[in-house]
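To start, the structure itself, in structure tokens.
The values are calculated or read from the model by the stated rules, or taken from the named source; none is laboratory data. This is a predicted model, so every value here is computed, not measured. Cβ atoms come from the backbone with ideal geometry, glycine included; neighbour counts cover every protein chain shown. The accessibility values were calculated without ligands, DNA or RNA, using every heavy atom of the protein model including side chains. Shrake-Rupley method; radii C 1.70, N 1.55, O 1.52, S 1.80 Å.
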Amino acid sequence: MSYRTVIAYIRSTQELQRMFKALALLAKDGEPMHVTGLYVIPTPVIYSDASGFIDASFYEGHLKHHQKNAEDVALLFQQQISNYSTTSEFLIVRSENDNASQTVNEFGMAADLILAGQADPDDPETQITPLDQLVYNTKTPALIVPYNFHPPRNIRQLAIAFNGKYEASSAAFDALPLARNCATVRIVWINAPKPESEEAATTVIPDPMRDPNAPRGAPDIALRLQQAYQRHDIAASIDLVPSDGQTVQDRLRDYVETNNIDVLIMGAYSQSRLKELIFGGVTRSFLANMPCLTLFSR
């Protein structure tokens, strides 16, 4: 089991170098993989001037800039992709609006994984597509590469941020191709909340099925996830992490950094995007400040 079809969304030659570092890690399992490099030219938002006329030169300049940038990215992609055990193609497409995420997600509908980069403050080309829209609207797992990515030699330490919600469960199973080659897989539960439904509250795992090494008080749904991973021959431990007065996102980030986690798995937007926009949330926090490779799943 592996990611066989990967859409690599690339916006600049500088970002492409990060994508290749992540692809190198994915390709190390030796399984066949097809990589589609994708450059999306967004449609510019054009405003009329005071006289009511549209400045056509702006539109022409926009297209010329992106066409040149896309060709540079495509050339470098084709020169370097041969270093990896993959088949590949590179596509330059035009988006029907100013947001490329919709186009990326349409290609992702026929892929196992979307690979994209966090916006780099020193690379304006990477700031044209808000990642929160890409992650929120996709049904394909999205592996996001930090802009200051320092790749490990191998993906060995994997952590699943698990809260018992649908999005976190989806992420956990989307991560199986990554988890199966890891030395350590941790199911991380931060200040487990009380079950939200009567059914969840009354569902109990029989004692003989419990992992004797599981921490006392581990939520039943976390134990079930652990058992599901065991059926894939993946030994996962459960870590109950107290918040110690911190927000979930800060405590989780501390956990990742303290335990040298190579890749973090998390569900995206388990609360509404509007609520996260107003009050903040774990997804938006990690999209803005990403300590390691992070796989988001909806």
**Complete:** Residues other than residue 15 with Cβ under 10 Å of its Cβ, Lys/Arg counted +1 and Asp/Glu -1, net out at -1
**Fill in**
Here the gain from full extension of residue 58 to residue 181, 0.36 nm per residue of separation minus their alpha-carbon distance, amounts to 39.3 nm
**Message:** Give me, ordered by chain and number, the residues 5 or more places off residue 94 or on other chains with an amide H under 5 Å from its own placed amide H.
**Reply:** 41
**Request:** For the stretch 70-160, compute Rh as the Kirkwood radius over C-alpha pairs and then the Stokes-Einstein diffusion coefficient at 25 °C and 0.890 mPa s; write the answer in µm²/s, rounded to an integer.
**Result:** 162
**Request:** Would you mind checking which residues have amide H under 5 Å from residue 239's amide H? H placed 1.01 Å from N; only 5 or more apart, or other chain.
**Result:** 187, 188, 189
**Message:** Could you compute the net charge surrounding residue 40? Neighbours are other residues with a C-beta less than 9 Å from the C-beta of residue 40; K and R count +1, D and E count -1.
**Reply:** +2
**Prompt:** Largest first, what is the accessible-area ranking of 296, 173 with a 1.4 Å probe?
**Reply:** 173, 296
**Asked** By how many nm would the segment from residue 173 to residue 228 lengthen if fully extended, with 0.36 nm per residue of separation less the alpha-carbon distance?
**Response** 18.9 nm
**Fill in**
So the FRET efficiency between residue 94 and residue 165, C-beta based with R0 = 30 Å and rounded to 0.05, is 0.25
**Message:** Below 12 angstrom from the Cβ of residue 265, what's the summed charge of the other residues (Lys, Arg +1; Asp, Glu -1)?
**Reply:** -2
**Asked** Considering the dipole of the stretch 73-198 built from charges on the beta carbon (Lys and Arg +1, Asp and Glu -1) around the Cα centre, which of 95, 110, 150 is farthest to its positive end?
**Response** 150
**Prompt:** Dipole size in debye (nearest 20) for the stretch 95-165 around its Cα centre, Lys and Arg Cβ +1, Asp and Glu Cβ -1?
**Reply:** 600
**Prompt:** What's the carbon and sulfur percent of the stretch 51-198's accessible surface, probe 1.4 angstrom, rounded to a whole number?
**Reply:** 48
**Message:** Under 5 Å between amide hydrogens, which residues at least 5 positions from residue 113 or on another chain qualify, with H placed 1.01 Å from N in the peptide plane?
**Reply:** 5, 7
